[in-house]
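The values are calculated or read from the model by the stated rules, or taken from the named source; none is laboratory data. It should be emphasised that the depicted structure is a prediction, and the values quoted were computed from it without experimental measurement. We place every Cβ from the backbone using ideal geometry, glycine too, and count neighbours over all the protein chains shown. Accessible surface areas use protein heavy atoms only, side chains included; no ligands, DNA or RNA. Shrake-Rupley method; radii C 1.70, N 1.55, O 1.52, S 1.80 Å.
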Amino acid sequence: QVHLVESGGGLVQAGGSLRLPCAASGNIFSTNPMSWYRQAPGKQRELVATITGGGPANYVDSVKGRFTITRDNAKNTVYLQMNSLKPEDTAVYYCCVDQFVGRSWGQGTQVTVSS
């Protein structure tokens, strides 16, 4: 069982930046896709970005050009660099990893962007 821990959330003004790390413990291969999702109050959880070992990263249209997902396989850590933050980016951000046995989720980290 993989255990994921997100951190780096907080309160930031619009236009600011945050970097969210997600550290994974357990056996994760570089080919296992890792993703960031977010869930705003009263809304469904939505996919923000996905990264695999050998392909390009994918982003939801609303964050393209502002967010960057990267991973450090040696540290079993995936990062979400968020720039030019907007109030509509306010949400709980979750990371997850997809393996043969299923998907594992972290507990989430709150990001609040003030206008």
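Summed over region 74-85, residues that are more than 13 Å from the chain's Cα centre (by Cα) and either more than 15 Å from residue 23 (Cα to Cα) or without any contact (Cβ under 8 Å) to a residue 24 or more places away in the chain (or both) total 4. If the condition is being surrounded by fewer than 19 Cβ atoms within 10 Å (Cβ to Cβ), touching an Asp or Glu at 6+ places or on another chain (Cβ under 8 Å) and in a strand (DSSP E or B), then region 24-43 contributes only 39.
Counting only residues that are in a strand (DSSP E or B) and either open to solvent by less than 40 Å² (accessible area, probe 1.4 Å) or touching a Pro at 6+ places or on another chain (Cβ under 6 Å) (or both), region 54-83 holds 7 of them.
State yes or no: is residue 15 of a type in the set (Gly, Ala, Ser), modelled with pLDDT under 95 and open to solvent by 40 Å² or more (accessible area, probe 1.4 Å)? It is false that residue 15 is of a type in the set (Gly, Ala, Ser), modelled with pLDDT under 95 and open to solvent by 40 Å² or more (accessible area, probe 1.4 Å). Taken together, the residues in region 1-12 that are under 18 Å from residue 33 (Cβ atoms), open to solvent by 50 Å² or more (accessible area, probe 1.4 Å) and in a strand (DSSP E or B) amount to 1. Of the candidates 45, 66, 38, 71, the single residue that is under 14 Å from the mean Cα position of the chain (by Cα) and within 13 Å of residue 23 (Cα to Cα) is 71. Taken over region 99-111, residues that are open to solvent by 50 Å² or more (accessible area, probe 1.4 Å) and either within 12 Å of residue 38 (Cβ to Cβ) or among the polar types (S, T, N, Q) (or both) amount to 2.
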